Amino acid sequence: MNKTIKHKDEWLFEITPKNKLLSFNFKEVWQYRDLLMLFVKRNVITVYKQTILGPLWYLIQPIFTALTFTLIFNKVANIDTGSVPPFLFNLAGITTWNYFKNCLQSTSDTFAGNAGIFSKVYFPRMIMPLSSVITNLIQFGIQLTIFISFYGYYYANGAAISLNRYTLLFPILILLMGLMGLGLGMLISSMVTKYRDLKYLLNFGVQLLMYISAVMYPLALMREKLPKFAWLVEYNPMAYVIESARYMLLSDGSFSINGLLYTVIVTIIVLFFGIIIFNKTEKNFIDTV
């Protein structure tokens, strides 16, 4: 009698479509942490590769932008920054805004910019946007160091600036900006696979968003000068982030617990839907890119 021997292969890894839309496999991402760091290193090295000034662009961009804002908005438009030097006021807003902007722009190109890699090898797709957020965090750290240098200069020269107890909450703002940029970036990246126009509209949209995020003016000024349009700023969670950052770093402006809680809620919602759409898109995006 012939006996049929059934043998079951034991695989180390089995690649299958995800069954859950909301799936963030921390264990798998942790297993690929070395790859995550490699992507971060690649991003840092290649951004300014074959440029003359290299990483100095990290420093030049916020300084010259702050100078431009100071000339246009403070000298020409006469926007009052109170006891805070206008340049330092603008540098605080720009440094904070740049982290969110860079996270949003870099993660929004996840699928279209990495289609070649995604089609050849498997790894958790979330690695790519996470590497962008970490890379921009390094850039933010460099720019924050420049801000601290100017802060020390103005403080030594008698400027009415100081830290306060809310400064300890500044890391929370950084986390919120990173998660907000991550969530929005994943949403846009997923939609760009079908609607390429969004890629071209993104830069324009980010510029418009900056003007209603209180980057170059106090939040109270919008309420005073344009009360009919103040809702555009008040319903923008990034405006509370920028205003809170300036209050924490300069003790200027206002700090709203309700505004911060509103920002946390919006960030969680955006990240939630970002992960859902991202997980759904990664299953078949290669057919449309």
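The values are calculated or read from the model by the stated rules, or taken from the named source; none is laboratory data. As the structure is a prediction and not an experimental result, all values here were calculated from the model. All Cβ positions, glycine included, derive from the backbone under ideal geometry; neighbour counts span all protein chains shown.
None of GLY93, GLY82 is of a type outside the set (A, V, I, L, M, F, W, C), under 30 Å from LYS225 (Cβ atoms) and not in a helix (DSSP H, G or I) except GLY82.
Residue count for region 111-136 satisfying the condition of being under 17 Å from LEU198 (Cα atoms) and within 14 Å of the chain's Cα centre (by Cα): 0.
For region 207-261, the candidate set comprises residues that are part of a helix (DSSP H, G or I) and among the small types (Gly, Ala, Ser); within that set, the residue that is surrounded by the most Cβ atoms within 10 Å (Cβ to Cβ) is SER244.
For first residues located in region 99-124 and farther than 18 Å from MET210 by Cα, partners that are outside any helix (DSSP H, G or I) and aliphatic (A, V, I, L, M) and lie 6+ apart or on another chain with Cβ distances below 7 Å form the pairs PHE111/VAL289; ALA112/VAL289; ALA115/VAL289; TYR122/ILE15. Within region 178-185, none of the residues are within 23 Å of LEU59 (Cα to Cα), within 18 Å of the chain's Cα centre (by Cα) and hydrophobic (A, V, I, L, M, F, W, C).
Answer with yes or no whether SER244 is among the hydroxyl-bearing types (Ser, Thr, Tyr), over 27 Å from GLY82 (Cα atoms) and within 18 Å of the chain's Cα centre (by Cα). No; evaluated as a whole, the condition is false for this residue. Applying the set (1) at pLDDT below 85; (2) touching a Lys or Arg at 6+ places or on another chain (Cβ under 6 Å); (3) of a type outside the set (Lys, Arg) to ALA92 leaves exactly one unmet item: (1). For region 51-79, a residue qualifies if it is in contact (Cβ under 8 Å) with a residue 60 or more places away in the chain and either under 26 Å from GLY158 (Cα atoms) or over 21 Å from the mean Cα position of the chain (by Cα) (or both), and the qualifying residues are LEU59, PRO62, ILE63, PHE69, PHE73, ILE79.
Listed conditions (1) part of a loop (DSSP other than H, G, I, E, B); (2) at pLDDT 85 or above are all met by PHE100, apart from (1). Within region 68-79, restricting attention to residues that are among the polar types (S, T, N, Q) and in a helix (DSSP H, G or I), the residue that is surrounded by the most Cβ atoms within 10 Å (Cβ to Cβ) is THR70.
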